[in-house]
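So the structure is just underneath, and the comments pick up after that.
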Amino acid sequence: MRLVTLAILLGWLVISYYVLNWAFCLSMLAIILYLLFRVYRLVQRWMTPPGHRIKHGLLRGHLEQEYGTKEGGKLYKELVGELHRKGYR
């Protein structure tokens, strides 16, 4: 799936470079912003102490299994909100 996405993206860049120069510039800007966002998220993860990381998949799965999909989802949102206020990520 990633190769298909990469092929489509590269095809778009080649076509837009020769046909629509402004679209190529916007595409490159979007790619650069996306890469900066990914680097920011990686640095943010490295800066968060290991004891302050929330394992979202495990927490949500446990709460949904224990309390059901609807009620567990509500509890998950409330619990994550409280943990974020305390500095957990």
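Read-outs throughout are calculated quantities, based only on the coordinates presented, and are distinct from any laboratory measurement. A quick note: this is a predicted structure, and the numbers were derived from the prediction, not measured. For neighbour counting, all protein chains shown are included, and Cβ atoms are generated from backbone atoms with ideal geometry for every residue, glycine included.
I'd like to check which helices (runs of 4 or more DSSP H) are fully inside the chain and have at least 2 residues that are of a type in the set (D, E).
56-67, 69-85
Just a yes or no: is a residue in the stretch 56-71 touching a residue at least 12 places away in the same chain (Cβ under 8 Å) and touching a Leu at 6+ places or on another chain (Cβ under 6 Å)? Within the stretch 56-71, one or more residues are touching a residue at least 12 places away in the same chain (Cβ under 8 Å) and touching a Leu at 6+ places or on another chain (Cβ under 6 Å).
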